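Report on the following structure.
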Amino acid sequence: MITAKSTHEKLAIEGGPQAFPQPQGDIRPKIGVEEFMSIAERFGFSPAALRRIREAVSEEDLGAGPTLSRYLTARPPAAKGVEFEKLAREIFGVKHALALGSGTGALHSAFVGAGVGPGTEVIVPAIGFAATAAAVVLCKGVPIFCDVDESLSIDPVKIERLITPRTVAVAPTCVMGAVPDMDPILALAKKRGLKVIEDCAQAPGAKYKGRYMGTLGDAGCFSISAYKIVGGGEGGLLLTNDQRLFERACQLAEGGGLTRPDRFAPPRYENELFCGTNYRMSELEAAVDVVQLAKMPALVARYNANRRNILRQLKTYREIVPQKINDLEGEVGYNIRFFPETVELGKKIAAALNAEGIGIGNFIWPSECSIRGPEAPPDWHVYSHIFAIMLKADAQRSGCSFNCPIYRERGGSVEYHRGDCPTADDLFDRNITIWLDPGYSEADCRAIAAGMNKVFSAYCTEDPQGTKWT
Ligand SMILES: Cc1ncc(COP(=O)(O)O)c(C=O)c1O
């Protein structure tokens, strides 16, 4: 047994004086007022307001300061990431919600959760965003592009012929607030045993037949970034009711296993544990996003009401085909889109609409209405411009996903060309988008509709038999 020597200075443990009772220096929390002020500056408050904020907070005793970690929550306040996930579960009515650093991270995690890997294929839409196909490649799977219909969403009729023995999932994507026609997609996926991973990044809060997009398939993925109608800077959200998918998505997104009941426990089932990464949402982001998410239902309702209001007042024209709407009441409606017969006509209409002050949005970024035309610069929202996929390029030039031996053994082989999805090629270049604002009044909606009718009537032929707007 070890004992202290008989002659020794009395130790603190024996009731003697402490050697270091407390520091005499100027000990400050790691994060405090200066960091808070830096955030306030980033919000764009004026110098006078910043001075007032500093005065108001500098006397505050923050103790050890905040940790800004969702996992070190020994002292209040509660983690904003946890609050964000709880709110997401409540609003969307799902069992599981995972706050992530980006929409791409949400897609990557969901695809891994759904079993996408080497030798597998995922059917993705020809119009959407590069991240959906890229996330498949991050799993070493192969994206297969499916053409769209006049809703600009994946064409349910064209999915089936793309299914192979290698297909494990389909990823219907909401395009700029619109919703795909989900019933036939869900029915086909059920019939053919495919997972449905919804990419709702461009339409948070959209509904299909009364149910939130992102809750209809096996998982719903959202980007909660500055470029979306809901979001702060960079963030993502994954929703699912599937326990296993969720656990595997967590393992990918939270490689440390902090989401497991016992992170050091052996795997509870095959494939539970594997090397993951870190896609955690930061607490600062979550602090903004929990407020943004709470605003979502009312925001979407305002957008949708304004769009319906305007659409109802529009006349029909021979030379104009409106975007097909799969759910008038459910789509977010932050824009009105249509396809003029030719690019030349479209250019005239877009210029005239801008001159009327119509279609000029400033909610997410300043924009005006325009038509691309075939000579427009590349755009990652259409498959043929996603060059990394077209070139079949992965980070290591290893040949996997596209030329992976496992893929080849399963009979897989893929080439990508513009022309693979002709409706997307045509409609992407020929559509005009009119951006709307949720703050428009009744009078604003009337003026916009009247202005659109005025411009259309100047260049097109009014035709009561033309395609209806709703
Ligand atoms: C349809 C779609 N999916 C995924 C993403 C990727 O989201 P993030 O930029 O948050 O990674 C985006 C972003 O623009 C998107 O529009």
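The values are calculated or read from the model by the stated rules, or taken from the named source; none is laboratory data. Predicted model, so just to flag it, every value in this text is computed and none were measured. Methodologically, a virtual Cβ is constructed for each residue, glycine included, from the backbone with ideal geometry; neighbour enumeration extends over all protein chains shown. Surface accessibility is based on the protein's heavy atoms, side chains included, excluding ligands, DNA and RNA. Shrake-Rupley method; radii C 1.70, N 1.55, O 1.52, S 1.80 Å.
Observations, loosely collected:
- Residue in region 65-73 that is among the β-branched types (Val, Ile, Thr) and in contact with an Asp or Glu (Cβ under 9 Å, 6 or more places away or on another chain) present: yes
- Some residue of region 438-459 being under 28 Å from Gly128 (Cα atoms) and surrounded by fewer than 16 Cβ atoms within 10 Å (Cβ to Cβ): yes
- Among residues of region 442-470, those that are within 14 Å of Val321 (Cα to Cα), under 35 Å from the mean Cα position of the chain (by Cα) and among the charged types (D, E, K, R), counted: 1
- Hits in region 146-163 (condition: touching a strand residue (DSSP E or B) at 6+ places or on another chain (Cβ under 6 Å) and not basic (Lys, Arg)): Cys146, Val148, Leu152, Ile154, Asp155, Ile159, Leu162
- Checklist (1) touching a residue at least 60 places away in the same chain (Cβ under 8 Å); (2) in contact with a helix residue (DSSP H, G or I) (Cβ under 7 Å, 6 or more places away or on another chain); (3) aliphatic (A, V, I, L, M) applied to Ala203, failing item: (2)
- Within region 150-175, if we keep just the residues that are part of a strand (DSSP E or B) and in contact with a Lys or Arg (Cβ under 7 Å, 6 or more places away or on another chain), the residue that is nearest to Ala219 (Cα to Cα) turns out to be Ala169.
Table: residues versus (1) open to solvent by less than 30 Å² (accessible area, probe 1.4 Å); (2) away from the ligand (no atom under 11 Å from the Cβ).
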residue	(1), (2)
Cys174	yes, no
Asp183	no, yes
Ala187	no, yes
Lys191	no, yes
Val196	yes, yes
Ala201	yes, no
Lys207	no, yes
Gly214	yes, yes
Gly217	yes, yes
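- Flag if Gly419 is open to solvent by 20 Å² or more (accessible area, probe 1.4 Å), modelled with pLDDT under 95 and out of contact with any strand residue (DSSP E or B) (no Cβ under 7 Å at 6 or more places or on another chain): no
- Set Leu98, Leu107: member being open to solvent by less than 20 Å² (accessible area, probe 1.4 Å) and within 9 Å of the ligand (Cβ to nearest atom): Leu107
- Restricting attention to region 324-380 and to residues that are over 26 Å from the mean Cα position of the chain (by Cα) and in a loop (DSSP other than H, G, I, E, B), the residue that is surrounded by the fewest Cβ atoms within 10 Å (Cβ to Cβ) turns out to be Glu375.
- Flag for Leu314 being open to solvent by 10 Å² or more (accessible area, probe 1.4 Å) and outside any helix (DSSP H, G or I): yes
- Inter-residue pairs, beta-carbon under 9 Å, first in a helix (DSSP H, G or I) and in region 98-118, second basic (Lys, Arg) and within 9 Å of the ligand (Cβ to nearest atom), 6+ apart: Gly103/Lys228
- Each residue in region 370-402 was checked for being out of contact with any Phe, Trp or Tyr (no Cβ under 8 Å at 6 or more places or on another chain), touching a residue at least 12 places away in the same chain (Cβ under 8 Å) and of a type in the set (Phe, Trp, Tyr), and 1 of them qualify.
- Lone unmet requirement of (1) away from the ligand (no atom under 16 Å from the Cβ); (2) assigned to a loop (DSSP other than H, G, I, E, B) for Ala178: (1)
- Of all residues in region 460-470, none satisfies the criterion of being surrounded by 20 or more Cβ atoms within 10 Å (Cβ to Cβ) and among the polar types (S, T, N, Q).
- Residue check, Arg54 more than 21 Å from Cys146 (Cα to Cα) and either without any contact (Cβ under 8 Å) to a residue 60 or more places away in the chain or aliphatic (A, V, I, L, M) (or both): yes
- Condition check for Gly233 on (1) under 21 Å from the mean Cα position of the chain (by Cα); (2) modelled with pLDDT of 95 or more: one failure, at (2).
- Looking only at region 430-470, residues that are farther than 19 Å from Asn309 by Cα and in contact with an Asp or Glu (Cβ under 9 Å, 6 or more places away or on another chain) come to 6 in all.
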